[in-house]
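Novice: Here you go, one structure.
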Amino acid sequence: MNSFDGIVIIGLTGQSGAGKTTVSQMLRGLGFSVINCDEVSHTASALPEFLDEMRLIFPDCVDESGLIRQKLGMLVFNDHEKLGRYGKIIFPYITYLIFSELHSLEKKGKKVVILDAPTLFESGLEDICSAVISVIAPYDIKLERAMTRDGATEEFIKSRLQSQFGEDFFRSRSDFCIVNDGDISSLKEKVSAAADYIKGRFDV
């Protein structure tokens, strides 16, 4: 349940390569405020307190410059138990920063905020959302997009995708699904429909 009295929070999520970031940018272009949780995560992962915890649990994934993301990714994406342990470390820091930003936007009079969160369900942040929109796409398309975007190996991206929820999960847990399986023009129409859904349902 949304605990922010004066603001409607819309969770935006989906698997790697589905096109969530593009959808987020389009919604921003339509006038919605957006919190990018990937950016928040990067901020959280540089906090001294977080790095201290990581040195205790995953010492090989931290050096003098900070978090070694590639090494961490290969470790946790292939081991659900380690992925869960990492989540328990990082999510409280992410949640604190997100709440701070939400309160700031609420004070500025924002009525709707898009919470662009790839780990919306894993972090429990869906509990503060008034609705959830998921972006999904066929597996081969997600794989190709993520490899091109990240410059990563097929093995690495497949490990990441396998560590994430499947399409059926997103469909069953979302109020609105965007299937990003076409060109940019088609996606714009679907995002516009999602924006109309938000405005109509919450009268904003």
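Novice: Run the reach check for LYS111 against lysines, Cα to Cα strictly under 21 Å, same-chain hits fewer than 8 apart removed. What comes back?
Specialist: Cross-link targets: LYS199.
Novice: Residue by residue through segment 111-125, which ³J(HN,Hα) values in whole Hz follow from phi under the Karplus form 6.51 cos²θ - 1.76 cosθ + 1.60 (θ = phi - 60°), with glycine and proline marked x?
Specialist: Each residue's phi maps through the Karplus curve to give 9, 9, 10, 8, 9, 7, 9, x, 10, 4, 6, 4, 7, x, 6 Hz.
Novice: Sticking with this structure for a sec: What is the sum of charges around VAL62, taking Lys and Arg as +1, Asp and Glu as -1, for the other residues whose C-beta is under 10 Å from the C-beta of VAL62? Show your work: numbers first, answer last.
Specialist: On the way: positive: ARG55, LYS71; negative: ASP52, GLU53, ASP60, ASP63, GLU64.
Overall, the nearby charge balance is -3.
Novice: Could I ask something else about it? Within a Cβ distance under 11 Å of PHE165, other residues only, what is the Lys/Arg minus Asp/Glu net charge?
Specialist: -1
Novice: Read phi for every residue in segment 56-68 and hand back ³J(HN,Hα) as whole Hz from Karplus 6.51 cos²θ - 1.76 cosθ + 1.60, θ = phi - 60°, with x for Gly and Pro.
Specialist: Taking θ as phi minus 60°, the curve returns 7, 9, 10, x, 6, 9, 9, 10, 5, 8, x, 6, 9 Hz for segment 56-68.
Novice: How big is the dipole moment of the chain about its Cα centre under a simple scheme where the beta carbon of each Lys and Arg is +1, that of each Asp and Glu is -1, and everything else is neutral? Debye, nearest 20, please.
Specialist: On the way: 23 positive and 30 negative charges, 95 e Å.
For the chain, the charge dipole is close to 460 debye.
Novice: Can you list residues whose amide H is under 5 Å from ILE178's amide H, if they're 5+ apart or on another chain and H is modeled 1.01 Å from N?
Specialist: For ILE178, the qualifying residues are SER134, VAL135, ILE136.
Novice: Okay, moving on. What does the charge count around MET26 come to, taking other residues whose C-beta lies under 12 Å from its C-beta (Lys +1, Arg +1, Asp -1, Glu -1)?
Specialist: On the way: positive: LYS20, ARG28, LYS188, LYS190; negative: ASP116, GLU189.
Its environment carries a net charge of +2.
Novice: Another question, then. From the Cα trace of the chain, what convex hull volume per residue do you get, rounded to a whole Å³? Write down the numbers at each step before the final one.
Specialist: Working: hull volume 25.0 nm³, N = 204.
Each residue corresponds to 123 Å³ of Cα convex hull volume.
Novice: Given H placed on each backbone N at 1.01 Å, which residues far from VAL62 in sequence or on other chains put an amide H within less than 5 Å of it?
Specialist: Long-range HN contacts for VAL62: ILE68.
Novice: Next up: Work from the charge dipole of segment 1-67 (Cβ charges, +1 for Lys and Arg, -1 for Asp and Glu, about the Cα centre) and give the residue of HIS42, PHE4, GLY19 farthest towards its positive end.
Specialist: With unit charges placed on the Cβ atoms, the residue in question is GLY19.
Novice: How much mean residue ellipticity at 222 nm does the chain get from its helices, if each DSSP H run of length 4 or more adds -39500 (n - 2.57) and you divide by all residues, to the nearest 500 deg cm²/dmol?
Specialist: Details: 10 runs with 115 residues, N = 204.
After summing the helix terms and dividing by the residues of the chain, the value is -17500 deg cm²/dmol.
Values quoted throughout were computed directly from the atomic coordinates according to the rules given, and no laboratory measurement underlies them. Small disclaimer: the values here were computed from a predicted structure and weren't measured. Heads up, the Cβs are rebuilt from the backbone with ideal geometry, glycines too, and the neighbour counts pull from every protein chain shown.
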